[in-house]
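The values are calculated or read from the model by the stated rules, or taken from the named source; none is laboratory data. Since the structure is predicted, the reported quantities are computational estimates derived from the model, not experimental observations. Backbone-built Cβ (ideal geometry, glycine too); neighbour counts: all protein chains shown. Just the protein is used for accessible areas: all its heavy atoms, side chains included, with ligands, DNA and RNA removed. Shrake-Rupley method; radii C 1.70, N 1.55, O 1.52, S 1.80 Å.
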Amino acid sequence: MAKNGLVLEGGAMRGIYTAGVIDVFLENGIKFDLTIGVSAGACFGCNIKSEQPGRALRYNLRFCRDKRYCSFRELLRSGDIYGYDFCYHKIPERLDAFDTEKYRSNPSEFYVVATDLKTGKPVYKKLEKMDRSDMEWVRASASMPVVSNTVKIGRDRLLDGGISDSIPVEAAFDLGCEKAVVVLTRPAGYEKKQDPLLPIEKIRYKNYPKFIEALEGRKDMYNNELAVVEKLEKEGKVFVIRPSEEPVASRIEHDPQKLLSTYNLGHEDATDLLPALKRFL
């Protein structure tokens, strides 16, 4: 049987747009055989497999101003701008529980993308249990350079999957999908520019030349992936959902109203596209 895939771009807190889109899927019984998420797409996308609509919005609104969640104080204290223990243990285990039982019983597959510092290449990891070990892969996928510690898993040294594969649509097809829905967090016409932090990144990761090459090539990689998505969309192989206007939430957003507005934009865009999406699937 042909697999339907769901590909989720990152974008840090701008990814709350994706949470709005996912909730429309959950509210309308739209299911996918395989989901692959990058960065915020991994953090928020796992809720589609645990079937928890509203969860990503709920805990982001509750904790967006909590210094334990995301703050420069936390960056100075621990080396992670998004608090490791608070974000990846306290919230999913106690404060807004992630339904691991439902996640494990759901037959759909969930993958995340991280970048290997030694090779500069993407690593695709299937998460089956969403226990603490799996949560480390979600953390790795979402750990932005400079403002995050390197995530060590076995012999791997990992950071943000968006460095090496920001829109893993080709990976979804390699994993067996015959068509895919792609959720982007930038509106049509967006073109990625060179990261202004690149000089700092080159100093910070001077011991990882392949990773520096990936950082230097990130702009071109991203824009090339956008071109691939556009080509596949014209061929009828992918269905794209992207913001109909520029989301107001920034990558590091502490204003709950801006988060809610960006979530609502995703929910409204996906609702408007629902009839066409059902025909595509």
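Exactly one residue out of Glu74, Glu27 is surrounded by fewer than 17 Cβ atoms within 10 Å (Cβ to Cβ) and farther than 26 Å from Tyr222 by Cβ: that is Glu27. How about the stretch 56-86: which of its residues are of a type outside the set (Phe, Trp, Tyr) and free of Cβ contacts under 8 Å to residues at least 40 places away in the same chain? Within the stretch 56-86, Arg58, Arg62, Asp66, Lys67, Arg68, Ser71, Arg73, Glu74, Leu76, Arg77, Gly83, Asp85 qualify. For the stretch 266-280, the condition holds for at least one residue, the condition being that it is at pLDDT 95 or above and under 24 Å from Met144 (Cα atoms). Restricting to the stretch 52-64, and then to whatever is over 24 Å from Leu159 (Cβ atoms) and among the hydrophobic types (A, V, I, L, M, F, W, C), can you tell me which residue is least open to solvent (accessible area, probe 1.4 Å)? The extreme case among them is Leu57. Do we have Tyr124 as among the hydroxyl-bearing types (Ser, Thr, Tyr), assigned to a strand (DSSP E or B), on the phi < 0 side of the Ramachandran plot and open to solvent by 50 Å² or more (accessible area, probe 1.4 Å) here? Answer is yes for this residue.
Restricting the first member to the stretch 4-17 and to residues that are within 15 Å of Val229 (Cα to Cα), and the second to residues that are of a type in the set (Lys, Arg) and open to solvent by less than 10 Å² (accessible area, probe 1.4 Å), no beta-carbon pair is closer than 9 Å while six or more apart or on different chains.
Here's the yes/no breakdown for (1) within 17 Å of the chain's Cα centre (by Cα); (2) open to solvent by 10 Å² or more (accessible area, probe 1.4 Å):
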site: Ile16; (1), (2): yes, no
site: Asp33; (1), (2): no, yes
site: Cys43; (1), (2): yes, yes
site: Asp66; (1), (2): no, yes
site: Ile81; (1), (2): yes, no
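The criterion of being outside any helix (DSSP H, G or I), hydrophobic (A, V, I, L, M, F, W, C) and either touching a helix residue (DSSP H, G or I) at 6+ places or on another chain (Cβ under 7 Å) or modelled with pLDDT of 95 or more (or both) holds for Val240. Scanning the stretch 247-265 turns up no residue that is of a type in the set (Gly, Ala, Ser), without any contact (Cβ under 8 Å) to a residue 60 or more places away in the chain and closer than 16 Å to Val181 by Cα. Residues that are open to solvent by 80 Å² or more (accessible area, probe 1.4 Å) and touching a residue at least 24 places away in the same chain (Cβ under 8 Å) do not occur anywhere in the stretch 134-150. Filtered by the rule that a residue be polar (S, T, N, Q) and closer than 19 Å to Pro256 by Cα, the stretch 21-67 gives a lone residue, Asn60.
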